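The structure appears below as structure tokens.
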Amino acid sequence: MTVDQTLIDKAAGLLRGVERLAVLTGAGISKESGVPTFRDAMDGLWARYDPQQLATPQAFRRNPKLVWDWYAYRRELLANAAPNPGHYALVELEALIPKVVIITQNVDGFHRAAGSSDVIELHGNLSRDKCFADCRGNPTHVTPEEAVPPRNDEAPPRCPHCESYLRPDVVWFGEMLPPAALERGLQVSRSAQVMLVVGTSGVIQPAASMPYWAVKAGAKLIDVNPGEDEIGGAADVFLQGPSGEVLPRLVEALRALS
Ligand code: BV8
């Protein structure tokens, strides 16, 4: 399904002359990079697990190797994936709008890899490990070279400082978001003239509240999603299509107005 050009042009009209744009992204923007979203049925071995049950400190305490291996599987997916035209279109917006801030729920690092210059990672980054006990402060990052290899294959690597297990430096369900990222994400949402929401079901809190804060502060809202989500109903323009196709068209339409 291709989004009608009049809607693309209407969204570009909202962006014309804007100084401050906030972009909230979710797993959907990486779908066309070949990375499954959270609500996709995870293929193969992981189809029988609910990500919201695995991405928790309780799951890690219960079965550290299962959770570690799930992230190792996801890291493998990312190693064979790359940013897609949707990520690159957001980079191109930086040449058309003075201040573009990406607020992402994703942990794949693709926005920075594509060249976005101002990215707030609300949920951490899968490329980093940290000590499960944060023994030297939150977070206690540990590089693969520093890690103590597992004594047997039944355990993740360990922290070189305190022997606790290592874990991915991502925010699990039930955990607080990094305070600085959350605070700046809310500040950017409240000061944006337009918020562009891309590829999120709009369910996970507190990220899902950011479009609400943006609209409350007077921002216009554009939502990009091929499916229904919790945001589309509040959007000034709902562009119902895949971001890898819609975002480059939006950039072209804005460029034609500039
Ligand atoms: C916290 C890292 C304090 C780990 C992730 C208030 C009310 C209710 C519940 C809560 C609340 N406050 C807190 C909670 C609890 C919880 C929560 O939100 N629960 C949900 C189930 C309601 N939140 C938390 O625990 C947060 N911590 O608030 O601490 C606290 C704690 C407890 C109680 C109160 C307060 C921490 C949340 C962070 C969890 N970590 N990621 C990891 O990756 O393993 S979240 C994880 O889910 C990913 O980051 C991912 O981004 C996200 C899933 O959401 P989406 O990104 O939207 O992805 P999803 O698959 O859902 O949707 C994809 C969309 O893409 C779809 O709409 C689809 O249509 C679309 N799409 C598909 N193809 C395309 C596309 N779009 C564009 N183009 C395409 N081609």
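Based on the Kirkwood approach, the hydrodynamic radius assigned to the chain is 19.1 Å, with every pair of different Cα atoms included.
When the charge dipole of region 99-258 is built from unit charges on Cβ atoms (+1 for Lys and Arg, -1 for Asp and Glu) and taken about the Cα centre, the candidate among H123, S243, M210 whose Cα reaches farthest toward its positive end is M210. Ordered by the count of other Cβ atoms within 10 Å of each Cβ, fewest first, Y165, Y49 give Y49, Y165.
How high is the FRET efficiency between K216 and H141 when r is their beta carbon distance and R₀ equals 41 Å, given to the nearest 0.05?
Numbers: r = 36 Å, r/R0 = 0.87.
It comes to 0.70.
Could you list H87, H141, H123 in order of exposure, starting from the residue whose Cβ has the fewest other Cβ atoms within 10 Å?
Values: H87 28, H141 14, H123 21.
With the fewest neighbours first, H87, H141, H123 line up as H141, H123, H87.
Over 19 Å apart at the Cα level, from the set K31/K220; K65/K130; K10/K220, are K31/K220.
Could you work out the relative contact order of the chain, using alpha carbon pairs under 8 angstrom and six or more residues apart, expressed as a whole percent?
Working: 470 pairs, mean separation 69.8, N = 258.
Rounded, it is 27 percent for the chain.
With helices as the sole contributors, the chain gives -9500 deg cm²/dmol at 222 nm; each DSSP H run of n ≥ 4 counts as -39500 (n - 2.57), and the sum is divided by every residue. The Cα atoms of region 1-114 cover 52, 30, 24 Å along the three principal axes, with the biggest extent listed first.
The modelled label-to-label distance for the pair C162/D50, using points 7 Å beyond Cα in the direction of Cβ, is 3.1 nm. The residue list A133, A27, Y49 was ranked by how far each Cα lies along the charge dipole of the chain toward its positive end, using unit charges on Cβ atoms, and A133 comes out on top. Here region 75-123 is treated with +1 on each Lys and Arg Cβ and -1 on each Asp and Glu Cβ, and its dipole about the Cα centre works out to around 20 debye.
Quick check for me: using +1 on Lys/Arg Cβ and -1 on Asp/Glu Cβ, what's the dipole size of region 154-258 about its Cα centre, in debye to the nearest 20? Working shown, then result.
On the way: 8 positive and 12 negative charges, 85 e Å.
Computed charge dipole of region 154-258: roughly 420 debye.
About its Cα centre, the dipole of the chain is roughly 480 debye, where the only charges are +1 on Lys and Arg Cβ and -1 on Asp and Glu Cβ. So how far, in whole Å, is the C-alpha centre of region 163-217 from the one of region 123-142? Measuring centre to centre over Cα atoms gives 19 Å. In this entry, region 127-202 is assigned a mean projected area of 7.3 nm², taken as a quarter of its C-alpha convex hull surface.
Laboratory data are not the source of any read-out in this text; all were calculated from the coordinates shown. Note that this is a predicted model, so its numbers are computed, not measured. Don't worry about glycine lacking a Cβ; one is built from the backbone with ideal geometry, like all the others, and counts go over all protein chains shown.
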